[in-house]
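Enquirer: Can you keep this structure in mind? I'll have questions shortly.
None of the figures in this text is laboratory data; all of them are computed from the coordinates on show. Here the structure is a predicted model, which is why all the values come from computation and not from measurement. Cβ sites come from the backbone with ideal geometry, for glycine too, and all protein chains shown count toward neighbours.
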């Protein structure tokens, strides 16, 4: 049997042909220091005890696994369980790796934190841990995401972070990544780049997968508390891949458990030479080296990265993490996609039937979970990872569900304040 769990946490930073550490020479010592510091920390009982303490007493772990009885009955198929990671502190799974990395940064003597963010949840979690542990914080955010995720910008600024809208390129997540890397090149000694997913140069994919795997570890024992065995299917949205790997890692060496990573289908799987209407890398992407690692990317034949689109800012990324690419090639993980329209339907269905407001990102995984439930008998179990909650998406969802009233409210409120 292939030991996928061992490969996904490989200390070489190579996952089959993917991964690596393709960085400018000036950053090589920084990456080596970080890799060595991480490897040492996760064998240190004191570090692990501190991590466990803050997970419980600051983050609020474990997050619930909820049986969705009404939605299950409405679908008419397999039992649907939702791992509600949106109830983690700051409202998403992002806190898991932010907490781990901030403790590591302190251990390495860093004084300043920088980060990139798309949907804002990673930036929000980064600003939160920086405030808690007393480190200066700068968050880079594509200008388009800065506008459409304004609530999270507000929270980051209240926590003391400087939020920098990036005006270059497509003004989305990949441009924020580039800006953060440029900052690190300028300030390598005192700064830790708290990268927000299982992408980037080694050791980030390994490190973030390690800090996120707590999600699936909880799912295993929480299912047992319901009297269930292993799930038949696990679904999760997939941008970079941190939440997907987080819930799936525990089950990688369980061959009976099907794993489905759901990408952003956007407006549909169409594209031009420079721009895609989606962010489904496994549908039309190809292998390349971008932003420090080798994986699948949306790119032109000459290797130029294409722009992408998704209703969710967190999935609007042209690349995917190297471990996810490896698992896909190994056929251990299936890749699906959900369109913007499908996501909006799933979002409202979950809210109306189960009282959960899911993030736009997470509802991509829900689209696939509903399809899986509908196609399976009643005794089977489907687990969907709801990786974040949807309050942050107010300005996106209001345009679709309550445009007239919401715009009137904003206009009237603005007029009243004058």
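Enquirer: How would you classify segment 265-418 from its alpha-carbon gyration tensor, with a ≥ b ≥ c the square roots of the eigenvalues: rounded for a/c under 1.5, else prolate if a/b is greater than b/c, otherwise oblate?
Expert: On the way: a/c = 2.51, a/b = 1.30, b/c = 1.93.
The shape class here is oblate.
Enquirer: Still on this structure: Could you tell me what percent of the DSSP beta bridges with both partners in segment 28-170 are antiparallel, to the nearest 5?
Expert: Working: 3 of 14 bridges.
About 20 percent, rounded to the nearest 5.
Enquirer: Something else about it: More than 24 angstrom separation, counting every C-alpha pair in segment 102-219; what % is that?
Expert: Distances greater than 24 Å cover 22 percent of the Cα pairs.
Enquirer: Which percent of the Cα-Cα distances in segment 1-149 go past 22 Å?
Expert: Percentage above 22 Å: 58.
Enquirer: Kirkwood Rh and Cα-based Rg: tell me the resulting Rg over Rh for segment 176-285, rounded to two decimals.
Expert: When Rh is taken as the Kirkwood radius, the ratio is 1.07.
Enquirer: Report the label-to-label distance for residue 407 and residue 272 in nanometres (one decimal), using points 7 Å from each Cα along the Cα→Cβ vector.
Expert: 2.6
Enquirer: How big is the antiparallel share of DSSP beta bridges in the chain, given as a percent to the nearest 5? Present the calculation step by step, with values, prior to reporting the outcome.
Expert: Working: 17 of 52 bridges.
Once the DSSP bridges in the chain are tallied, antiparallel ones form about 35 percent.
Enquirer: Further question: Once you keep just the Cα pairs under 8 angstrom separated by 6 or more residues, what percentage relative contact order results for the chain?
Expert: In percent, rounded to a whole number, it is 21.
Enquirer: Hey, rough spin-label estimate for residue 375 and residue 48, points 7 angstrom out along Cα→Cβ, what's it come to in nanometres?
Expert: 3.9
Enquirer: Between residue 39 and residue 186, what FRET efficiency comes out of the Förster formula 1/(1 + (r/R0)^6) with R0 = 25 Å and r the beta carbon distance, rounded to 0.05? Before the final figure, lay out the partial values.
Expert: Values: r = 27 Å, r/R0 = 1.06.
In this case the efficiency is close to 0.40.
Enquirer: Which of the peptides 124-135, 305-316, 49-60 is most tightly packed, and how do the rest follow, going by the mean number of other Cβ atoms within 10 Å of each residue?
Expert: Details: 124-135: 22.7, 305-316: 26.5, 49-60: 14.6.
Taking the mean over residues of other Cβ atoms within 10 Å, the ranking is 305-316, 124-135, 49-60.
Enquirer: Then there's this: Could you work out the equivalent-ellipsoid semi-axes for segment 241-337, taking the square root of 5 times each eigenvalue of the Cα gyration tensor, largest first, in whole Å?
Expert: Its equivalent ellipsoid spans semi-axes of 24, 14, 11 Å.
Enquirer: With viscosity set to 1.002 mPa s and temperature to 20 °C, compute the Stokes-Einstein D of segment 155-227, Rh being the Kirkwood radius across alpha carbon pairs; µm²/s, no decimals.
Expert: 141
Enquirer: What is the packing order of peptides 319-332, 150-163, taking the mean over residues of other C-beta atoms within 10 Å and listing the highest first?
Expert: My ranking of the peptides, most packed first, is 319-332, 150-163.
Enquirer: Ok, one more. Please work out whether segment 125-191 counts as rounded, prolate or oblate from its C-alpha gyration tensor, where a ≥ b ≥ c are the square roots of the eigenvalues and a/c under 1.5 means rounded, while otherwise a/b larger than b/c means prolate and anything else oblate?
Expert: Oblate is the answer for segment 125-191, as a/c is 1.5 or above yet b/c matches or exceeds a/b.
Enquirer: Note down the relative contact order for segment 242-349 as a percent, whole number, built from C-alpha pairs under 8 angstrom at least six residues apart.
Expert: 30
Enquirer: May I ask you to compute the full-extension gain from residue 168 to residue 329, defined as 0.36 nm times their residue separation minus their alpha-carbon distance, rounded to one decimal in nm?
Expert: 54.6 nm
Enquirer: Using only Cα atoms, locate the centre of segment 240-304 and the centre of segment 51-85, then give the distance between them in Å, rounded to an integer.
Expert: Cα centres, segment 240-304 to segment 51-85: 25 Å.
Enquirer: Another one. Compute the orientation-averaged projected area for segment 356-412 from the convex hull of its Cα atoms and round it to one decimal in nm².
Expert: About 4.8 nm², averaged over all directions.
Enquirer: Using 1/(1 + (r/R0)^6) with R0 = 30 angstrom and r between the beta carbons of residue 108 and residue 56, what's the FRET efficiency to the nearest 0.05?
Expert: The computed FRET efficiency comes out at 0.80.
Enquirer: Could you check which residue among 366, 99, 108 shows the biggest mean-square fluctuation in a GNM of the chain with a 10 Å Cα cutoff?
Expert: It is 108.
Enquirer: Using alpha-carbon pairs under 8 Å, 6+ residues apart, how would you state the relative contact order of segment 30-171 in percent?
Expert: Details: 181 pairs, mean separation 23.5, N = 142.
With pairs under 8 Å counted, the relative contact order is 17 percent.
Enquirer: If you count, for each residue, the other Cβ atoms within 10 Å and average over each peptide, how do 138-146, 240-248, 39-47 line up from highest to lowest?
Expert: Per-residue Cβ counts within 10 Å, averaged per peptide and sorted highest first, yield 240-248, 138-146, 39-47.
Enquirer: Can you work out the base-10 log of I(q)/I(0) for the chain at q = 0.07, 0.13 1/Å, using the Debye formula on its C-alpha atoms alone?
Expert: Debye intensities relative to I(0), on a log10 scale: -0.29, -1.09.
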